[in-house]
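The values are calculated or read from the model by the stated rules, or taken from the named source; none is laboratory data. All values reported here derive from a predicted model rather than from experimental measurement. Here the Cβ is made from the backbone with ideal geometry for all residues, glycine too, and neighbour counts use every protein chain on show. What goes into the accessible areas is simple: the full protein's heavy atoms, side chains included, and nothing from ligands, DNA or RNA. Shrake-Rupley method; radii C 1.70, N 1.55, O 1.52, S 1.80 Å.
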Amino acid sequence: MMAAAVLMGGCASTDTGAAEVWDPMETPNRFIFAINRTIDMIALRPLAVTYRDWMPERGQKGIRNVLDNLGEPVTAINEVVQGSPGRAATTIGRFLVNSTIGIAGIFDVASAWGMPKSKEDMGKTIGYYAGPGVEPENGGFYIVLPVIGPSNARDGVGLAIDGAMDPFSLVTFSINRNVGWIAAGARYGATAIDMRSRTLFALDDLEKNSVDYYAALKSAYTQQRADLIRAKREKTDGKAEIDRRDNLALMR
């Protein structure tokens, strides 16, 4: 957190805001982007189309609920760091209810019981604390991560912290390293396919209507993350934020 704060503070003096995304590593970024795009065309997109067309809607909802449930502890930790212990208690309550009565999270019983869903990550937490001198659009230098996709310095640091403190990963790796890698791979694969299936039309439209798909995706990702951080700073309703997250095209 301290390292990320220093990084963001260093960017504040040259904050470009929404006008321009800082991309000093554009050449290697475009190379990784090309690899990611090839993987998407060969494997991920076909799997996502098959999943969308052949998996029953209830099955898709159940898988999404399980994946969201696994992320609840990390969300709760971030909510505590953000100074919202009450919201964190609700999130932990959701996790306990859905993990038991909801059968490992397949059914979102907690929402029916009046416990609304939220989604937080360390990238948003860092952006929340970056201060008024750093616009949410300024996440440090832009970077394309292999397989993962668009990110920046702020979100990359946040992603590493979230992964390091994720209870699911800690438990599975403590049982057995091989079990941990298998569980992590299965979880990431399911998340990627589920998310890609929900962004098929949006990303196809973005690619079709942009002269430079790389630049368009970079801009869209930066603006989307900025919107989420700005909503957090302005304390926008959490339910509306989650709805927006599900409907937006470009999510990590």
Being under 15 Å from the mean Cα position of the chain (by Cα) and either open to solvent by 10 Å² or more (accessible area, probe 1.4 Å) or modelled with pLDDT of 95 or more (or both) narrows Ile126, Ile106, Ile92 down to just Ile126
Only one of Ile63, Ile42, Ile77, Ile106 is among the β-branched types (Val, Ile, Thr) and assigned to a loop (DSSP other than H, G, I, E, B), namely Ile106
Of the candidates Pro150, Pro146, the one satisfying the condition of being open to solvent by 50 Å² or more (accessible area, probe 1.4 Å) and of a type outside the set (A, V, I, L, M, F, W, C) is Pro146
Within the range 165-223, of all residues that are β-branched (Val, Ile, Thr) and in a loop (DSSP other than H, G, I, E, B), the one farthest from Val74 (Cα to Cα) is Val211
All-but-one check, Gly139 against (1) small (Gly, Ala, Ser); (2) farther than 30 Å from Pro24 by Cα; (3) assigned to a loop (DSSP other than H, G, I, E, B), failing number (2)
(message) When you check Ser210 against the structure, is it open to solvent by less than 60 Å² (accessible area, probe 1.4 Å), hydroxyl-bearing (Ser, Thr, Tyr) and modelled with pLDDT of 90 or more, yes or no?
(response) yes
With the first residue restricted to the range 33-48 and required to be more than 16 Å from Lys218 (Cβ to Cβ) and open to solvent by less than 60 Å² (accessible area, probe 1.4 Å), and the second required to be among the basic types (Lys, Arg) and modelled with pLDDT of 95 or more, Cβ contacts under 6 Å at 6 or more apart or on different chains are Leu44/Arg196; Ala48/Arg196
